[in-house]
1. When the residues of the range 165-192 are narrowed to those that are touching a residue at least 40 places away in the same chain (Cβ under 8 Å) and of a type in the set (A, V, I, L, M), which ends up surrounded by the most Cβ atoms within 10 Å (Cβ to Cβ)?
2. State yes or no: is residue 31 among the hydrophobic types (A, V, I, L, M, F, W, C) and not in a helix (DSSP H, G or I)?
3. Considering only the range 57-82, state which residues are buried (at least 21 other Cβ atoms within 10 Å of the Cβ) and out of contact with any Gly (no Cβ under 8 Å at 6 or more places or on another chain).
4. What is the number of the single condition among (1) under 23 Å from residue 64 (Cα atoms); (2) modelled with pLDDT of 95 or more that residue 174 does not meet?
5. Given the residues 186, 190, 206, which is the only one that is part of a helix (DSSP H, G or I), within 20 Å of the chain's Cα centre (by Cα) and either farther than 24 Å from residue 5 by Cβ or modelled with pLDDT under 90 (or both)?
6. Looking at 112, 124, which one is touching an Asp or Glu at 6+ places or on another chain (Cβ under 7 Å) and either assigned to a loop (DSSP other than H, G, I, E, B) or exposed (fewer than 14 other Cβ atoms within 10 Å of the Cβ) (or both)?
7. Could you pull out the residue among 97, 93 that is at pLDDT 95 or above and either under 18 Å from the mean Cα position of the chain (by Cα) or in a helix (DSSP H, G or I) (or both)?
8. Does any residue in the range 111-127 that is within 11 Å of residue 68 (Cβ to Cβ) come within less than 7 Å, Cβ to Cβ, of a residue that is surrounded by 11 or more Cβ atoms within 10 Å (Cβ to Cβ) six or more places away or on a different chain, and which pairs are these?
Amino acid sequence: MTLLLDELCERLELDYAAYAGVNSIDNSMHALVNYPLSWKQHYQDNALHMRDPTLLHGARSQAPVHWGRLKNDTLYKPMFSQAHDFGIPQQGVTIPVRGPFGDKGMLSVTRRMQPLDWDKHVQRILPDLQHAAAHIHDLVMQQGLIMRAMRAPSLSSRETEILQWTAAGKSHSDISDILSISARTVEVHVRSARFKLGALTTAQAVARAIGMGLIYPM
């Protein structure tokens, strides 16, 4: 599955990506990374996951965690001074994912570039990152017991139709025009679909619906 991270980095012009997740049903932990082997070994040998501010903040947040905003954290300098020695950039962002059964995941990505350029790059690719984070998390969780506890959500035909148009990149206004319904009605159906899919965002709902075969990628 690390190929997913390699493909993500190539598509979104990133240097490295890492996923970490916990399955709340069987308490299994999962990690996927495409960092250099030397850094992975150093990180593991020194149990840096216990002192990694990107993971610690990501585990408590529902919003993206921009690494540059963690500089006041006492763990930031020790962590990134070590990372620097292995060629790991300081510019990065961590995308938290929350599942319907208490499962949690985080997708972290990084690229070496000037801070202002990185901020612009993240702003441009953030929707894709959120979609990728939900997709990777769901793929990983499917390998554990959590999917045995899940039931395929019963989306209405209208909810499925609206999610399919959303997957095609259409806005609520576009969908309103296409289906000849109000934008308010579109939003109501989207909220209902998110609830049924246990998704916090529409991007996550679309990713889950695709993963379950309820709609198809466009």
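The values are calculated or read from the model by the stated rules, or taken from the named source; none is laboratory data. Bear in mind the structure is a predicted one, so any value in this text is a computation, not a measurement. Neighbour counts run over all protein chains shown; Cβ positions are idealised from the backbone, glycine included.
1. By that ranking, first place goes to 167.
2. yes
3. 58, 79
4. If we test residue 174 against (1) under 23 Å from residue 64 (Cα atoms); (2) modelled with pLDDT of 95 or more, just (1) comes out false.
5. On inspection, the qualifying residue turns out to be 190.
6. Every option except 112 fails the conditions.
7. 93
8. That search, which allows pairs on different chains as well, returns 115/68; 115/91; 118/91; 118/111; 122/93.
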